[in-house]
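Each remark here refers to the structure printed beneath this line.
Every number in this text was worked out from the coordinates using simple rules, so none of it is lab data. Everything numeric here is computed off the predicted structure, so don't read it as measured data. Here the Cβ positions follow ideal geometry from the backbone for every residue, glycine too, while neighbour counts run over all protein chains shown.
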Amino acid sequence: MEIEINSHQVEQLLKFADMVETGNQQMNLTRIRSEAEFAVKHFVDCLAVQKIGFEFKGRGIDVGSGAGFPGIVIASCLTSDSVVLIDSLEKRVRFLREVSEALQLRHVSCVHGRAEDLARDSHYREQFQWAAARAVAPLPVLLEYCVPFLSVGGHFIAFKGSGFPDELKAAVNAIKLLNLSIVDQHRLQLPFEMGERWIVNFRKEAATPSQYPRKAGIPRRKPL
């Protein structure tokens, strides 16, 4: 896959994997249990973002971070700039804080809250140079969650599965309403026939209209 990480980063990822395995006993962090699947479907899947050549510079946010994919992986291997991980479930945020402390990721902060609420807070709205999300929601919903966090000129990196082309067709209106353009889209096959993935780079061309995101729950019920 031509992924480049150093030995220290490998050690961090192995420690992270152990913590996910332990945390899985108390909460549902991942359904993937085998080491090979974990390595490919979590770590390789996240690190393959190197293929689009995007540099994670400036303040970034992982929306709906869950167990820490892709946010912890990006913070561990791809940037030393500030990264904010947000999740709507408090116990997952506690887990993310434990991981960040154990891996000594001092540039990472973990915030409990829903994207629709946090994106209306002046501390977060249009305050990030990049945002990322993986396995959170269909693309029209996901864009409304993530784009309001970006400053104008910022980038949203979407990690999507094989259904991305259909999701993109459904997201045409959201892309227009949220003032986005597509910079790059990269299709790849995971090793060992573990599935197709898409990594897509959107650029925010103008400020997000004040009505977005809509109130919590509405984006998912009534996608743009």
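Highest-first packing order for the peptide set 195-202, 116-123 is 195-202, 116-123, based on the mean count of other beta carbon atoms within 10 Å.
Quick check: from the Cα gyration tensor, does the range 102-210 come out rounded (a/c under 1.5), prolate or oblate? Judged from the Cα gyration tensor, the range 102-210 comes out oblate (a/c at least 1.5, b/c at or above a/b).
Structural descriptor for the chain: relative contact order 18 percent, calculated from alpha carbon pairs under 8 angstrom and at least 6 residues apart.
Mean-square fluctuation check for the chain, GNM, Cα pairs under 10 Å: which of GLN127, GLN12, GLN104 is largest? Per the Cα network of the chain with a 10 Å cutoff, GLN104 tops the list. Give me D for the range 7-221 in µm² s⁻¹, whole number, from Stokes-Einstein with Rh from the Kirkwood sum over alpha-carbon pairs, 37 °C and 0.692 mPa s. The Stokes-Einstein estimate is 190 µm²/s. Assign one of three labels to the range 45-101, namely rounded, prolate or oblate, based on the Cα gyration tensor with a ≥ b ≥ c the square roots of its eigenvalues; rounded applies when a/c is under 1.5, prolate when it is not and a/b is larger than b/c, and oblate otherwise. It is prolate, given that a/c is not under 1.5 and a/b is the larger ratio. For the listed peptides 169-175, 217-223, a ranking on the average number of other beta carbons within 10 Å per residue, highest first, reads 169-175, 217-223. By DSSP, the beta bridges lying fully in the chain are antiparallel in about 45 percent of cases. The listed peptides 63-76, 141-154, ordered by packing as a protection proxy, come out as 63-76, 141-154 (highest mean of other Cβ atoms within 10 Å first).
Hey, what did the range 1-128 get for relative contact order, percent, Cα under 8 Å, at least 6 apart?
The normalised contact order for the range 1-128 reaches 22 percent.
Normalised by the empirical 2.2 N^0.38 Å for globular proteins, what value does the Cα Rg of the range 23-117 take?
On the way: Rg = 13.1 Å, N = 95, 2.2 N^0.38 = 12.4 Å.
Normalised by 2.2 N^0.38 Å, the Cα Rg of the range 23-117 equals 1.06.
Taking label positions 7 Å along the Cα-Cβ direction at both SER109 and GLU90, the computed distance is 2.0 nm, reported to one decimal. Given axes a ≥ b ≥ c from the Cα gyration tensor, I'd like to know whether the range 175-224 is rounded (a/c under 1.5), prolate (a/b larger than b/c) or oblate. Oblate. Spatially close Lys pairs in the range 7-221, defined by Cα atoms under 15 Å apart and a spacing of eight or more places or different chains, total 4.
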